[in-house]
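Some notes on the structure that comes next.
The values are calculated or read from the model by the stated rules, or taken from the named source; none is laboratory data. Nothing here was measured: the structure is a model prediction, and the numbers come from that model. Methodologically, a virtual Cβ is constructed for each residue, glycine included, from the backbone with ideal geometry; neighbour enumeration extends over all protein chains shown. Just the protein is used for accessible areas: all its heavy atoms, side chains included, with ligands, DNA and RNA removed. Shrake-Rupley method; radii C 1.70, N 1.55, O 1.52, S 1.80 Å.
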Amino acid sequence: GAGVSQSPSNKVTEKGKDVELRCDPISGHTALYWYRQSLGQGLEFLIYFQGNSAPDKSGLPSDRFSAERTGGSVSTLTIQRTQQEDSAVYLCASSTRTGSEQYFGPGTRLTVT
Amino acid sequence: AQRVTQPEKLLSVFKGAPVELKCNYSYSGSPELFWYVQYSRQRLQLLLRHISRESIKGFTADLNKGETSFHLKKPFAQEEDSAMYYCALSGIGSARQLTFGSGTQLTVLP
């Protein structure tokens, strides 16, 4: 079946602009995670959604970052007023339930110029 | 706080030689540990998890609580094993998010 998909695969934006990154999890997966992979910080957790529960936003680096998950499926990660340090690969993962194997998407490579 | 350390950024071995990728962790409680692999131009994927005690593609990893280690081993490396390997720890919070090590790039030479 189809795996986790993310769009766009690459995004170049100017400093100060807002960007939206999209994640389509595997159908039926109730848990969804966003991670960021950057040169300086490695792979780090950003935010977690489980069903209709309030998200765990403990990994978001600043209030410029937000995410939502509509209808318990598609998720959008929004970065406002992008900065150069936001340049990274943003990965989405989903799992059948919290704690089970996480399946990763191909990532969105964000470059802030 | 939980932390995962992979001391080797790069590791090269010859085909047929044994390989060991090191992983140490710090965690207060019973950890759940994983190895993820990323082949060139592919997405991150689970290789193995300690609770399943499986051998995947010839790789094994044993959790050593005394040494707080979860080293990945394979007795005879193959060229197709060349990839980036990440050790990860499942979180203590309700999210059970993964905390990753910095990764080890393994190159198996012909």
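State the Kirkwood hydrodynamic radius of chain A in Å, one decimal place, computed from all pairs of distinct Cα atoms.
Working: mean 1/r = 0.0718 Å⁻¹.
Over chain A, the inverse of the mean reciprocal pair distance is 13.9 Å.
If we count trypsin sites (Lys or Arg not before Pro) as exposed when they sit in a DSSP loop and have at most 15 other beta carbons within 10 Å, what is the longest stretch of chain B that avoids them all?
Details: sites that count: B:K9, B:K15, B:R41, B:R53, B:K57, B:K65.
Between exposed loop sites, the widest span is B:66-110.
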10 Å Cβ neighbours from other chains, averaged over peptide A:99-106
5
Calculate the spin-label point distance for A:Q84 paired with B:H50, positioning each point 7 Å from the Cα along the beta-carbon direction, and give it in nanometres.
4.1 nm
Could you tell me the calculated FRET efficiency between A:V74 and B:E8, based on Cβ-Cβ distance and R0 = 30 angstrom, to the nearest 0.05?
0.20
For the stretch B:3-109, with every protein chain kept in place, what is the accessible area per residue (1.4 Å probe, Å²)?
50 Å²
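Averaging sequence separations of C-alpha pairs under 8 Å and six or more residues apart, then dividing by the length of chain B, give the relative contact order as a whole percent.
Working: 265 pairs, mean separation 41.9, N = 110.
With pairs under 8 Å counted, the relative contact order is 38 percent.
Among A:40-46, A:91-97, A:15-21, how do they line up by average Cβ neighbours within 10 Å per residue, starting with the highest? Please list the in-between numbers first.
Working: A:40-46: 16.6, A:91-97: 20.7, A:15-21: 13.9.
Highest-to-lowest ranking by the protection proxy: A:91-97, A:40-46, A:15-21.
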Sulfur and carbon atoms: percent of accessible area, the stretch B:3-109 [1.4 Å]:
49 percent
